[in-house]
Each structure stands twice: as structure tokens, then as C-alpha cells.
Amino acid sequence: MMLPDPAIVTCPACAAANRVPRAKLGAGGTCGRCHASLFAGEPITLSAASFDAHAMRADIPLLVDFWAAWCGPCRQMAPAFAAAARELEPLVRLGKLDTEAEPAVANRFDIRSIPTMILFAKGREVARKSGALPASAIVTWVRDARKA
Ligand code: ZN
């Protein structure tokens with residue numbers, strides 16, 4: 001999966017589409033509309049309102065952690081998911097979707113157990129995995145899926 005150049009990066013704060021030259025993806029750019037950092041080195045919080053802007057309209061693939069606060073394995077995996085964000089950004093965006101707060105999004109993707117991670121590229125589901133993973137396994141799984 002080659003990124004287009006420039007690539008569309010969705011702003012984590014206002015969900016505006018930003019066109020960023022591929023060579024500048026790692027340069028700490030800010031949103032043209034709200035001036036927030038386009039990448040903060042940590043997972044973003046996804047909502048029903050922002051989900052499609054990140055999953056469907058961005059060129060940057062999106063890895064979603066479908067989780068809930070009552071889920072022990074989800075809470076256990078949170079630091080690993082955050083560590084994976086530091087490794088994978090800016091070539092992959094990582095986001096968390098609270099299945100309790102946003103059940104419609106969880107239903108749309110037929111999430112039956114949590115944690116479940118789905119990797120999206122331009123709106124297409126390219127890989128899915130259920131169960132908690134350590135950071136290194138998340139990174140390896142995503143890199144392999146992007147090569148496929
Ligand atoms: Zn913005």
C-alpha cells in the first residue's frame with residue numbers, strides 16, 4: 001500500500017482533511033484549519049461523528065481499537081496500543097472507539113468481542129484481530145497487513 005503524494009491526513013481535533021506531502025508526514029505538521037498537531041504520537045479518540053473522516057476519507061490507514069472501560073483485557077492493552085502508536089505514526093493513524101459510548105459504530109463492524117482491532121485503508125477493512133496483544137505484536141501485525 002503506497003500512500004498518495006500528497007496524502008490526505010485527517011486532523012485529530014477538527015476532522016478537517018489536510019493535504020500533506022509524503023516527505024513531510026513525520027515533520028510535525030499542524031492542521032490548516034485549527035492548527036492542532038496532525039500527529040501527537042498517541043491514539044486519538046474516535047466518535048461516530050469523526051469515524052468516517054478518519055477511516056474512509058484519509059489516505060493514512062487507520063488502526064482502530066474497539067474497547068470498553070469495563071473490559072479488563074482492553075484496559076490491559078491500552079499502554080501497548082499507545083506504544084504502537086508511537087512506532088506506527090505517521091504512516092498509520094491509531095484510534096480508540098469506545099463501544100459503550102458509540103454502539104452504532106461497533107454494530108456497523110459487527111464487533112462481537114473486545115478488544116478487537118481493525119485496520120482500515122481508504123474505508124476498506126484490510127485486517128482484523130480479536131484479543132489483546134503486546135505492542136511489538138501489534139506493530140508487526142500492522143506492518144505485515146500493509147505489505148499484503
Ligand atoms: Zn484541525
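Of (1) crowded, with 16+ Cβ neighbours inside 10 Å; (2) within 14 Å of the ligand (Cβ to nearest atom); (3) over 21 Å from residue 142 (Cβ atoms); (4) modelled with pLDDT of 95 or more, residue 10 satisfies all except one. Which?
Tallying (1) crowded, with 16+ Cβ neighbours inside 10 Å; (2) within 14 Å of the ligand (Cβ to nearest atom); (3) over 21 Å from residue 142 (Cβ atoms); (4) modelled with pLDDT of 95 or more, residue 10 fails exactly one: (3).
State which residue is least open to solvent (accessible area, probe 1.4 Å) when the search covers only region 29-88 and only residues that are of a type in the set (Asp, Glu) and in a helix (DSSP H, G or I).
Just the residues of region 29-88 that are of a type in the set (Asp, Glu), to begin with: 42, 52, 59, 65, 87.
Restricting the remaining residues to those that are in a helix (DSSP H, G or I) gives 52, 87.
On the way: 52: 52, 87: 107 Å².
Result: 52.
Quick one: how many residues across region 16-28 are within 22 Å of residue 127 (Cβ to Cβ) and either open to solvent by 60 Å² or more (accessible area, probe 1.4 Å) or in a helix (DSSP H, G or I) (or both)? Before the answer, list the steps.
Taking region 16-28 as the starting set, the residues that turn out to be within 22 Å of residue 127 (Cβ to Cβ) are 25.
Pick out the ones that are also either open to solvent by 60 Å² or more (accessible area, probe 1.4 Å) or in a helix (DSSP H, G or I) (or both) and you get none.
The qualifying residues number 0.
Any chance you could count how many residues in region 113-132 are in contact (Cβ under 8 Å) with a residue 40 or more places away in the chain, within 19 Å of residue 89 (Cα to Cα) and open to solvent by less than 40 Å² (accessible area, probe 1.4 Å)? Break it down into steps so the answer makes sense when it comes.
Residues of region 113-132 in contact (Cβ under 8 Å) with a residue 40 or more places away in the chain: 114-123, 126, 131-132.
Within this subset, residues satisfying the condition of being within 19 Å of residue 89 (Cα to Cα) are 117-123, 126.
Filter again for open to solvent by less than 40 Å² (accessible area, probe 1.4 Å), leaving 117-121, 123.
Counting residues in region 113-132 that are in contact (Cβ under 8 Å) with a residue 40 or more places away in the chain, within 19 Å of residue 89 (Cα to Cα) and open to solvent by less than 40 Å² (accessible area, probe 1.4 Å) gives 6.
The values are calculated or read from the model by the stated rules, or taken from the named source; none is laboratory data. Everything quoted here is computed from the prediction, not taken from an experiment. Glycine gets a Cβ as well: all are built from the backbone with ideal geometry, and neighbour counts include every protein chain shown. All accessible areas refer to the heavy atoms of the entire protein, side chains included, with ligands and DNA or RNA removed. Shrake-Rupley method; radii C 1.70, N 1.55, O 1.52, S 1.80 Å.
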